[in-house]
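Q: Mind having a look at this structure? Questions to follow.
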Amino acid sequence: MKSYEKIEQYDTEITEALADNYKVIIENLGEDVTREGLEKTPERVAKAMQYLTHGYGLDPLEILKSAMFTEDHQQMIVVKDIEVYSMCEHHMLPFFGKAHVAYIPNGKIVGLSKIPRVVDAFARRMQVQERLTDQIKNCIQDALNPLGVAVVIEAQHMCMQMRGIQKQNSVTTTSSFTGAFEKDKTRKEFISLVSNKLS
Ligand SMILES: Nc1nc2c(ncn2[C@@H]2O[C@H](COP(=O)(O)OP(=O)(O)OP(=O)(O)O)[C@@H](O)[C@H]2O)c(=O)[nH]1
Ligand SMILES: [Zn+2]
């Protein structure tokens, strides 16, 4: 199995330790953890949480380096509408939406699927949206040394929707740019390519 494949097996010791903790949490929330529906819940949650944070076990730089090719192409490459599921590090509630990623190669291109893989490797951790955006950008910049990288993420935060301020329709947009994308013209071309909504 390559180092960046999604986890399908769970470490028994970690799963048991997490499940023990979730048992206590469920009891502290006032539930009866021995009733039929909840009996296996601590173990299920233990596995779910490991899946939701499996990005810690992935090496995003290695993902890109595993499929880089020499190519004399210096036009903008855009991968848009990449689904993002991450977890807010403040409340451990999901935030989710779309990432749009672009780069302009400088001698090297990367296998297209590796871009969403890098997004996932950083998203499947405890995150804030701003850091997630920057980490994706920095990783692509470091691996490929392109003429520029652009990352935009649009996301809804459950911690703002189902609790707290409870704004069900708010969407947060973050962006991060390097090199050529710091120029107005290139950035505008990227923005117009990824969405009619963004401007
Ligand atoms: N900048 C940023 N803030 C985030 C992100 N996810 C959640 N937050 C915010 O983190 C902040 C934590 O604020 P606190 O005041 O410590 O927590 P809280 O009392 O639960 O805040 P409320 O959500 O306002 O009820 C909140 O304003 C959240 O909206 C993120 O990705 N980026
Ligand atoms: Zn939150």
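Q: Rounded if a/c is under 1.5, else prolate if a/b beats b/c, else oblate: with a ≥ b ≥ c from the C-alpha gyration tensor eigenvalues square-rooted, which is region 106-199? Numbers along the way, then the final one.
A: On the way: a/c = 2.55, a/b = 1.54, b/c = 1.66.
Oblate, since a/c reaches 1.5 and b/c is not below a/b.
Q: Can you tell me the 0 to 90 degree angle between the C-alpha axis of helix 41-52 and the longest principal axis of the chain, rounded to 10?
A: Between the helix axis and the principal axis of the chain, the angle is about 10 degrees.
Q: Here's another thing I want to ask about it. Among the listed pairs Lys47/Lys167; Lys47/Lys80; Lys80/Lys188; Lys80/Lys167, give every one whose C-alpha distance is greater than 24 Å. Walk me through the numbers before you get to the answer.
A: Details: Lys47/Lys167 30 Å; Lys47/Lys80 30 Å; Lys80/Lys188 15 Å; Lys80/Lys167 26 Å.
Where the Cα-Cα span goes over 24 Å, the pairs concerned are Lys47/Lys167; Lys47/Lys80; Lys80/Lys167.
Q: Based on DSSP H runs of at least 4 residues, each adding -39500 (n - 2.57), what is the mean residue ellipticity at 222 nm of the chain after dividing by all its residues, to the nearest 500 deg cm²/dmol? Show your work: numbers first, answer last.
A: Details: 7 runs with 76 residues, N = 199.
It comes out at -11500 deg cm²/dmol, rounded to the nearest 500.
Q: Another one. So with the 1.4 Å probe, I'd like the accessible area per residue for region 12-52, rounded to whole Å².
A: 72 Å²
Q: With axes computed from alpha carbons, what is the tilt in degrees of helix 114-123 against the longest principal axis of the chain, rounded to the nearest 10 within 0 to 90?
A: Between helix and principal axis, roughly 40 degrees.
Q: Using R₀ = 30 Å, calculate the FRET efficiency as 1/(1 + (r/R₀)^6) where r is the Cβ-Cβ separation of Lys108 and Lys185; round to 0.05.
A: 0.80
Q: Taking all protein chains as present, what is the carbon and sulfur share of the accessible area of region 48-148, in % to the nearest whole number, probe 1.4 Å? Intermediate results must be reported in sequence, preceding the final value.
A: On the way: 2320 of 4510 Å².
Carbon and sulfur atoms account for 51 percent of the accessible area of region 48-148.
Q: How would the chain be classified by its alpha-carbon gyration tensor: rounded, prolate or oblate, with rounded meaning a/c under 1.5 and the a/b versus b/c comparison settling the rest?
A: oblate
Q: From the phi of every residue in region 154-160, what ³J(HN,Hα) in whole Hz does the Karplus formula 6.51 cos²θ - 1.76 cosθ + 1.60 yield, where θ is phi - 60° and glycine or proline is x?
A: 10, 8, 9, 10, 4, 5, 9
Q: Express the accessible area of region 60-194 per residue in Å², computed with a 1.4 Å probe while the remaining protein chains stay in the model. Don't skip to the end; give the middle numbers.
A: On the way: 6540 Å² over 135 residues.
I get 48 Å² per residue for region 60-194.
Q: Using a Gaussian network model on the chain with a 10 Å cutoff between Cα atoms, which of Arg187, Arg163, Arg125 fluctuates the most?
A: Largest GNM mean-square fluctuation: Arg163.
Q: Roughly how many Å² of Val45 are accessible to a 1.4 Å probe, to the nearest 10?
A: That residue has around 40 Å² of solvent-accessible surface.
Q: As a test question: what accessible area, to the nearest 10 Å², does Asp11 have when a 1.4 Å probe is rolled over all protein chains in place?
A: 80 Å²
Q: Could you give the dipole magnitude of region 60-194 about its Cα centre, charging the beta-carbon of Lys and Arg +1 and that of Asp and Glu -1, in debye to the nearest 20?
A: 200 debye
Q: Still on this structure, please answer the following. In region 115-132, whose amide N lies under 16 Å from the spot 7 Å out along Cα-to-Cβ of Ile14? List them in ranges.
A: 121-127
The values are calculated or read from the model by the stated rules, or taken from the named source; none is laboratory data. As the structure is a computational prediction, the values presented were derived from the model and not from experiment. When we count neighbours, we look across all protein chains shown, and the Cβ atoms used for this are built from the backbone with ideal geometry, even at glycine. What goes into the accessible areas is simple: the full protein's heavy atoms, side chains included, and nothing from ligands, DNA or RNA. Shrake-Rupley method; radii C 1.70, N 1.55, O 1.52, S 1.80 Å.
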